[in-house]
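What follows is calculated from the coordinates using simple rules that are stated; it is not laboratory data. Just so you know, these numbers come straight off a predicted model, no measurement behind them. Positions of Cβ are generated from backbone atoms using ideal geometry, with glycine treated the same way; all protein chains shown enter the neighbour counts.
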Amino acid sequence: MIPSSATQLLITLVLIVPGFVFLGVLVRLRGRTPADADLSSRLMRAIVASTVFALVYLAIAGPQIEALANQNPDEALNHLQKYALLALLAAFVIPAVAAGLYYWISTWGWLQDKFRDSWVDQRWNRIDPRPSGWDVAFADLSPCFVRVRMNDGGWYAGWFGKASYASSWPDPRSLYVEVSFHVDDNGTLGQAVENSNGAVIDCTDAVLVELLLPGPDSDE
């Protein structure tokens with residue numbers, strides 16, 4: 001049914017937008033997966049998520065929503081600020097918070113250990129959604145040295161700290177390291193490059209990317 005009033009249009013948007021907000025925030029937090037590259041797949045998952053939110057809203061406040069949809073437009077305008085705040089809450093705030101909560105729960109180590117190798121995990125989680133080992137390695141990487149060997153045999157290295165960055169799928173593989181280090185022909189790390197303010201390493205042609213923990217005698 002096509003909305004015939006501003007109030008009905010507002011309700012329609014509130015029942016459709018939440019799924020897109022939920023998935024957008026979730027992708028922002030966890031990074032993109034192969035399913036996110038396909039437009040039809042993203043659209044279908046957003047519609048399913050919107051349907052879930054709509055059913056929850058209707059289950060909680062069905063009579064109130066129905067009364068609002070049938071309300072006289074002039075009467076609704078008298079409470080425009082209240083309805084605008086409720087719409088903002090239902091369409092954007094709740095889905096965004098739900099996405100953050102979902103992502104936070106999914107990172108619980110004890111929860112992952114509990115279900116790892118269980119029949120639930122073996123039945124429903126046989127395929128890892130992360131597209132490559134690159135994304136797995138840099139997802140929650142602690143500060144460390146990164147040493148990269150190129151196809152031509154050359155080496156690059158740097159310190160991957162809290163301000164460093166690794167691209168994620170589907171962008172080309174590249175690194176920003178906070179401090180660049182000298183590397184000899186054998187791959188041995190030397191001193192930091194003088195006055196280094198970081199370096200960008202294009203890893204498209206890399207044949208090896210090593211993550212090296214600092215030794216116990218290394219200074220900060």
Between residue 104 and residue 208, what is 0.36 nm times their sequence separation minus the Cα-Cα distance? Round to one decimal in nm. 34.3 nm
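For a protection proxy built on the mean count of beta-carbon atoms within 10 angstrom, sort 187-196, 171-180, 131-140 highest first, please. Display every interim value, and only then the final one.
Details: 187-196: 11.9, 171-180: 16.8, 131-140: 14.3.
Listed from highest to lowest mean packing, they are 171-180, 131-140, 187-196.
How much FRET efficiency would the formula 1/(1 + (r/R0)^6) give for residue 88 and residue 150, where r is the Cβ-Cβ distance and R0 is 45 Å, rounded to 0.05?
On the way: r = 50 Å, r/R0 = 1.12.
The calculated FRET efficiency here is 0.35.
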Once amide H atoms are built 1.01 Å from N in the peptide plane, which residues 5 or more positions from residue 198, or in another chain, come under 5 Å H to H? 180
